[in-house]
Amino acid sequence: MDEIDSNSPVRVRFSPAPTGYLHVGSARSALFNWMYARHTGGVMVLRIEDTDADRSRPELIDAIHESLSWLGIDWDEEYLQSERFDQYLEAAQSFLDKGLAYRCDCSQEASRARAEARGGKPGYDGFCRDRDVQPGEGVVIRFRTPDEGVTAWDDLIRGRVEFQNSELEDFVIVRSSGVPMFHVANAYDDLDMGITHVVRGEDLVNTVPRVLLLRAALGATDQPTFAHLPLIVNEKRQKLSKRRDDVSVGDYVNKGFLSEAMRNYLLTLGWSAKDDAEILPIEEFVAQFELSDINKAPAFFDIKKLEHFNSEYIRALSVEDFIERSIPFAGDVDPALYGRLAELVQGRIKRLDEIPALLEWVVGDAPEPSEKDWRKVMGKDGVPEVLDLVIERLAACAWTPESLEEVVFGVGKELDTKTQLPVRLALTGVRFGLPLFEPMAELDRDLVISRLTTARARL
RNA sequence: GCCCCCAUCGUUCAGUGGCCUAGGACACUGCCCUUUCACGGCAGGAACACGGGUUCGAAUCCCGUUGGGGGUACCA
């Protein structure tokens, strides 16, 4: 088979099955497809592979649109396979007419039983190849795979991959329900839509021979260029799974990751820019993106590193942008107050969902200090004197950040000790957090004094 | 079981026969800055899975071993 003419414009496709959410692995496939399309000035096709009956509900597809858009991935054309069944069925009929496919009425149990009897090798044995089964209840259409020869392709990432045709069973292309299956739809559409590059996860490699055989049966004499991406794995080096891992892009939206950070991180899994740069505007990555530069080994989805990217992107935001994008995470805070404190928040979070904890003592009650913190901070010599003096001066001082700082630090200088920590713990309940005096000035004088007095009484 | 694939610091990416006493980033440790935390600065520990070849020379090429993963549906 020939390669598709390399002068023809690039057409790539992202073809998810609608599952109600977008998997981060799929998101990365979409991203690499998109980057390649944009890099080459080609076309990005979104093709929803909803040949499975209960996966063609519109709300499941919305979730995909939403996540792709969130990531800033757009597409030029969109197709739904469920709207193209006629064409796949027509193709299947032509295979039947040409003797390239046949009907089969074997139940799954029967073929499994025969496989077992044969000696444990799973797979359909071609039982109905020449039985001339007629259409009817429980009848599927199977593709007749060659018994010898090899099917191979040159993968842009993996190099040459070959399969013995004898390893392939006669697989089902039309279900007994009359609904066509993934392989035919996939082969038909890639040909029909003029897809030049197939970029997807490595878990799909073993479907390539079937799709290639189907494509040839459809009359094609060429094949698209394949690029099979390494999988994204969890800490146990297994493919990310819905059951044990957070796999949906939406999960990360909810955890307070910025879309740019997510997109930037995703593209560093398996690929990198020339000069070791890891965080760049997407255009610069797109400009130098090549499929053939992608790594072969699976990559661990490291949330720590994602958080690092996220904090970089958060800090790069203007304060106005930060406020706008973070306020949905801020919880029950007066927007004006949040606006005044946002800059202090911005510099010290890795994720937007950390904001409520930082603001807790400002907008609500301060959490109870831990026993350990209390002992460590309040157990020091001189703390009672510090609190007494601070409380006394707070009663009369001006209520501005500067003035408050002057009071607290002034006491420190007089007593020759550090005063921030005991005041902070008494006021906020924790040893770390926002700079103290700006938020403190937002609180009522009475409240501040009462918290300090309560703490003093505990000593 | 069978088929396919993978293998550089804990993680990720760089390295495509000599520039490698293997580099960057994250994470980690220490110090500095700082009356919190974070940021920032400096320093540090940390890897070519193993065994054979090929070659004057191998992290880079070949073979094997080991380890890991993916697939094996009337899912995609």
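Under the definition of Cα pairs under 8 Å and six or more residues apart, what whole-number percent is the relative contact order of chain A? So the answer I get is 13 percent. Only Lys, Arg, Asp and Glu carry charge here, each on its Cβ (+1 for the first two, -1 for the last two); on that basis the range A:54-135 has a dipole of about 860 debye about its Cα centre. Residues whose amide H lies under 5 Å from that of A:Thr268, counting only those 5 or more places away or on a different chain, are absent; hydrogens are built 1.01 Å from N in the peptide plane.
Think of it this way: in chain A, A:Cys106, A:Cys397 stand alone, with no other Cys Cβ under 4.7 Å. Taking the C-alpha atoms only, the angle from helix A:303-316 to the longest principal axis of chain A is near 60 degrees. Modelled spin-label separation between A:Glu414 and A:Arg340, with each label point placed 7 Å from Cα along the Cα-to-Cβ direction: 2.7 nm.
Net charge dipole, the range A:80-224: roughly 260 debye, given to the nearest 20, about the Cα centre with Cβ charges of +1 for Lys and Arg and -1 for Asp and Glu. Using Cα atoms only, what is the angle between the long axis of helix A:383-394 and the major principal axis of chain A, expressed in degrees (0 to 90) to the nearest 10? Its long axis makes an angle of about 80 degrees.
The equivalent ellipsoid that matches the C-alpha gyration tensor of the range A:346-425 spans semi-axes of 25, 18, 12 angstrom, in descending order. Nearest 10 degrees is fine. How inclined is helix A:335-346 to the longest principal axis of chain A, computing both from alpha carbons? Helix A:335-346 and the main axis of chain A meet at about 80 degrees. Working ranking of peptides A:204-216, A:148-160, A:24-36 by packing, defined as the average number of other Cβ atoms within 10 Å per residue, highest first, is A:24-36, A:204-216, A:148-160. Per-residue Karplus couplings for the range A:145-162, computed as 6.51 cos²θ - 1.76 cosθ + 1.60 with θ equal to phi - 60°, are listed in order as 8, x, 7, 9, x, 10, 10, 9, 8, 9, 7, 4, 9, 9, x, 6, 10, 10 Hz, Gly and Pro entered as x. Other residues whose C-beta falls under 14 angstrom from the C-beta of A:Glu116 contribute a net charge of +2, scoring Lys and Arg +1 and Asp and Glu -1.
Within chain A, the ratio Rg/Rh, alpha carbon atoms throughout and Rh by Kirkwood, equals 1.17. Per residue, chain A exposes 48 Å² of accessible surface when a 1.4 Å probe is rolled over the protein heavy atoms with every protein chain present. Dipole magnitude for the range A:118-188: about 180 debye, using +1 per Lys or Arg Cβ and -1 per Asp or Glu Cβ, origin at the Cα centre. What's the carbon and sulfur percent of chain A's accessible surface, probe 1.4 angstrom, rounded to a whole number? Carbon-and-sulfur percentage of accessible area, whole number: 48.
The values are calculated or read from the model by the stated rules, or taken from the named source; none is laboratory data. None of the values given here were measured: they were computed from a predicted structure. As a convention, Cβ positions derive from the backbone with ideal geometry for all residues, glycine included, and neighbour counts pool all protein chains shown. Side chains are part of the model used for accessible areas, which takes the heavy atoms of the whole protein and leaves out ligands, DNA and RNA. Shrake-Rupley method; radii C 1.70, N 1.55, O 1.52, S 1.80 Å.
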